[in-house]
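Before any comments, here is the structure.
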């Protein structure tokens, strides 16, 4: 057997020492720290804009943990923990041999366990891996303490310690205990409250406030407090205060404010333990209170749900969100109404009119047709089923007339209008192929939140902006309209008769001026009202989450009163200021009748405001120059006019055949140009248009199967403007159309305004 040289024996102690020194590293490698237990998931905390805690969510393991940073813990509270638990924490490396010897002597002398020797770091090890309090467990805790000291600084260990402390039931950490037991942040703790936070973790199931029977009258409790006083960790004042607090200590409920908003931001910003929102508790309480006041009135009319959004225009901060007027209601209370996609009704009309104004297609006074009009198989009607013939564009928007809006959208095009809406921030919209002419009347799905955000571009001077729900969140802006366009729309939308003052409200100085627009979905499932001032934009939706219809679900009646109850107190704080007219608007003289550029000098004019770089160029189509016939009140026949004679020239109104027909049927005869003289070859009386097909009294059986229904080819001997049951269809020599089942009246009007004879036919559908 080979022996080591004698000289090698001197290296043996060093080898043993090296092995001993490397043992902790080896054990650390073989038995790594379960770091996930040192940093368990924290409860998500939602804060309002003033820093007040609004909502706390339980962790996945159903605990309440409000993680705090070390710099948030009052130094006095840290000193209390160190004096009471581990005076030499800053000097040892995990365990204190002197404390172990002292505890061993005390326990042997008393014959029972009366003193422990766990350092603060060893307590962390025990909270990390709970075990029965035996000597082997103590040994393991000591080894784990060495590991903890190896991997973390003293400051980090203190932070871990205060966040792992047990406080009974499902409460862990001083942050949660402070909120639940005292209802305040750490910075507001009194000395007595700090003492209680230091004592409860020693026996949380015995001292915690969840134990009601004699929980704080036990002798050991007062003994611990006196011990803190002797250790100079608690002043006499703190001792007296703690004694007074102990019998009244109770667990408070977790804050439960901003319920729908909190759940939304939780989903939107995952992985956070604190979210500081822009929501104002004062504004939130205001709108929630008003919604609850409105609930009884609405429920009597079959309306059970309300959603509200409040935006501050200057910062684009969301100040209030109501997903339902009562979160705990069994009638859809937990449905988040401000995110639900609903039909917006007429609320998209301002964007269409803004598009047309921006491009010089119309002025605010341009006449738009408001007569029954059929667009193939789509025949829009005004909300009140009444028609006005010709209406200025601004008035058509203010009265929310449907037919002029659809006619204007047809002129603009569905695809360009859809692109504008998306550019305005309506991100829920899909591809153009999904929509038709009903888009401007609400033929889509939008949320209240995005629609309210889109409306904010008008008080922002035509700038579309993202909103801010978290403090410090960036806001992205882009220009959609010129400031002048936004101003014109704002002025138009302020003309409504308000629900808070039905007539002549403009003369009342106490009322805040508001621009607002309503919307009612087809079938009366959704009622909307969106309004804004220079300071705020507010959106209100009312309806039923179960899609139950009600005849009272009308934007102006159901949603608008609540809108004004919200906007009035919000806007009074900002005074009665209004938008200033932008510099990009210039005055323009337009035809007093049509609102278009005058074609003749004789036309009476009026002044309107238009964009200086988008001045309309389309001349008036309703005025026509003509010559008077010497024989009487007629127009001269062109073929009989003598070049050598002078004929009086006049300028008068002439309506296109479809409008003339509509006015004539209703007995409305505006002061038009006179008819041609009798005997003129071009006189309307010279020939009457003939409808060649269908024949009077004819009956049709149409198939409804396949890709589309059969159409009846209306034919005439000349180009006609076709009217079916008094509703305008279109123009042409040939006009294929599919009527609805039943009996119909068909008539045509030629370009000279001559009517055909009216004929009747019947339609039925079969296989």
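Details
- Scan of region 157-169 for residues that are under 41 Å from the mean Cα position of the chain (by Cα) and modelled with pLDDT of 90 or more, ordered by number: 159, 160, 162, 163, 164, 165, 166
- Residues located in region 27-70, provided they are exposed (fewer than 12 other Cβ atoms within 10 Å of the Cβ), over 26 Å from residue 320 (Cα atoms) and out of contact with any helix residue (DSSP H, G or I) (no Cβ under 9 Å at 6 or more places or on another chain): 29, 30, 36, 60, 61, 62
- Residue, farthest from residue 321 (Cα to Cα), within region 477-503, restricted to residues that are modelled with pLDDT under 95 and in a loop (DSSP other than H, G, I, E, B): 503
- Residues in region 260-275 that are buried (at least 18 other Cβ atoms within 10 Å of the Cβ) and over 15 Å from the mean Cα position of the chain (by Cα): 275 only.
- Top-ranked residue in region 551-591 [being in contact with a strand residue (DSSP E or B) (Cβ under 8 Å, 6 or more places away or on another chain) and farther than 30 Å from residue 608 by Cβ; ranked as surrounded by the fewest Cβ atoms within 10 Å (Cβ to Cβ)]: 557
- Selection count, region 752-766, where residues are over 13 Å from residue 700 (Cα atoms) and either not assigned by TED's automatic domain parsing to the domain that holds residue 695 or not in a loop (DSSP other than H, G, I, E, B) (or both): 2
- Within region 229-260, the residues that satisfy the criterion of being touching a helix residue (DSSP H, G or I) at 6+ places or on another chain (Cβ under 8 Å), outside any loop (DSSP other than H, G, I, E, B) and either within 22 Å of residue 172 (Cβ to Cβ) or at pLDDT 90 or above (or both) are 242, 245, 246.
- Leading residue by the ranking (nearest to residue 488 (Cα to Cα)) among those in region 571-615 that are outside any loop (DSSP other than H, G, I, E, B) and at pLDDT below 90: 571
- In the set (1) at pLDDT 95 or above; (2) in contact with a helix residue (DSSP H, G or I) (Cβ under 8 Å, 6 or more places away or on another chain), residue 264 fails one condition alone, (2).
- When residues of region 369-404 are limited to those that are over 20 Å from residue 663 (Cα atoms) and in contact with a helix residue (DSSP H, G or I) (Cβ under 8 Å, 6 or more places away or on another chain), the one surrounded by the most Cβ atoms within 10 Å (Cβ to Cβ): 397
Residues checked against (1) over 24 Å from residue 66 (Cβ atoms); (2) modelled with pLDDT under 80:
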| position | (1), (2) |
| --- | --- |
| 180 | no, no |
| 185 | no, no |
| 188 | no, no |
| 194 | no, no |
| 198 | no, no |
| 203 | no, yes |
| 211 | no, yes |
| 218 | yes, yes |
| 226 | yes, yes |
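- Output for region 249-283, where each listed residue is free of Cβ contacts under 8 Å to residues at least 40 places away in the same chain and assigned by TED's automatic domain parsing to the domain that holds residue 332: 267, 270, 271, 282
- Scanning region 745-767 for residues that are within 49 Å of the chain's Cα centre (by Cα), closer than 24 Å to residue 660 by Cα and surrounded by fewer than 20 Cβ atoms within 10 Å (Cβ to Cβ) turns up just one, 745.
- Residue that is surrounded by the fewest Cβ atoms within 10 Å (Cβ to Cβ), among those in region 327-356 that are over 18 Å from the mean Cα position of the chain (by Cα) and more than 18 Å from residue 454 (Cα to Cα): 330
- Residue list for region 533-562, filter: in a helix (DSSP H, G or I) and either farther than 18 Å from residue 339 by Cα or touching a helix residue (DSSP H, G or I) at 6+ places or on another chain (Cβ under 7 Å) (or both): 555, 556, 557, 558, 560, 561, 562
- Test: residue in region 690-711 that is surrounded by 11 or more Cβ atoms within 10 Å (Cβ to Cβ), at pLDDT 85 or above and under 30 Å from residue 388 (Cβ atoms): yes
- Among all residues of region 398-408, there is none that is within 28 Å of residue 449 (Cα to Cα), free of Cβ contacts under 8 Å to residues at least 24 places away in the same chain and assigned to a helix (DSSP H, G or I).
- Restricting 424, 438 to residues that are surrounded by 14 or more Cβ atoms within 10 Å (Cβ to Cβ), within 28 Å of residue 551 (Cα to Cα) and at pLDDT 90 or above narrows the list to 438.
- Number of the condition not met by residue 667 [criteria: (1) at negative phi; (2) under 60 Å from the mean Cα position of the chain (by Cα); (3) without any contact (Cβ under 8 Å) to a residue 12 or more places away in the chain]: (1)
The values are calculated or read from the model by the stated rules, or taken from the named source; none is laboratory data. Given the structure is predicted, the values throughout are model-derived calculations rather than measurements. Virtual Cβ from ideal backbone geometry, glycine too; neighbours counted across all protein chains shown.
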